[in-house]
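Trainee: Dropping the structure in here first, questions after.
The values are calculated or read from the model by the stated rules, or taken from the named source; none is laboratory data. On a predicted model such as this, the values are computed, not experimentally measured, just so you know. For neighbour counting, all protein chains shown are included, and Cβ atoms are generated from backbone atoms with ideal geometry for every residue, glycine included.
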């Protein structure tokens, strides 16, 4: 990881002309907290605060991905992002008396964001603070993710909610074994049912 402030990294990326995209890509990749093998991201993507972002192996992010955070963001292995996915981590304290919200540097609910392995996030999805997206989940295009989502579920909407599991119980059990998942069938079903009741 290169030691560089978020402001300096942003300045460098804005200053470099677009035909030097490969150089921008190289600088961003080296500045992240952790980067796995075969990480690729699309043109005009932005990462701030890059020192808090961890990315696993075989991750692809489409064009114009934005990760803007003041909390840790951890993205697992084999994750796919469509274009224009936005992750916004951190929060502002809106109840501080006597100071404009913009200048309040303490408080707010600052909870990490976790995206587990094998997740597919569609185009124009926004993910907010404190969210955990379970392994194997699919997030439909245009969704606003404000709460955690269960593993192996298909989710969409504003706010984003699970609508069904990706597999039948039999297929899911086989998939979990073949992929060496940390989840077992009962865990996935219990998690899905608990989210579906909310």
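Trainee: Within the range 125-134, take every residue that is buried (at least 22 other Cβ atoms within 10 Å of the Cβ) and over 12 Å from residue 81 (Cα atoms) and give me the one that is farthest from the chain's Cα centre (by Cα). Don't jump to the end; show me each part of the working.
Mentor: Residues of the range 125-134 buried (at least 22 other Cβ atoms within 10 Å of the Cβ): 125, 127, 133-134.
Subset that is over 12 Å from residue 81 (Cα atoms): 133-134.
Working: 133: 8, 134: 11 Å.
Checked the range 125-134; the qualifying residue farthest from the chain's Cα centre (by Cα) is 134.
Trainee: Also, quick follow-up: From the list 98, 142, which one is at pLDDT 95 or above, farther than 23 Å from residue 193 by Cβ and over 14 Å from the mean Cα position of the chain (by Cα)? So that I can check it myself, show each step before the final result.
Mentor: Working: 98 fails: at pLDDT 95 or above.
Just one listed residue meets the conditions, 142.
Trainee: OK, next. Conditions: (1) in contact (Cβ under 8 Å) with a residue 24 or more places away in the chain; (2) in a loop (DSSP other than H, G, I, E, B). Residue 127 meets all but one. Number of the miss?
Mentor: Condition (2) is where residue 127 drops out.
Trainee: If we keep just the residues of the range 141-198 that are in a helix (DSSP H, G or I) and touching a helix residue (DSSP H, G or I) at 6+ places or on another chain (Cβ under 8 Å), which is surrounded by the most Cβ atoms within 10 Å (Cβ to Cβ)?
Mentor: Our first condition is that a residue be in a helix (DSSP H, G or I); within the range 141-198, this holds for 169-178, 185-196.
Within this subset, residues satisfying the condition of being touching a helix residue (DSSP H, G or I) at 6+ places or on another chain (Cβ under 8 Å) are 169, 172-173, 176, 185, 188-189.
On the way: 169: 11, 172: 22, 173: 15, 176: 21, 185: 17, 188: 26, 189: 16.
Of everything passing the filter in the range 141-198, 188 is surrounded by the most Cβ atoms within 10 Å (Cβ to Cβ).
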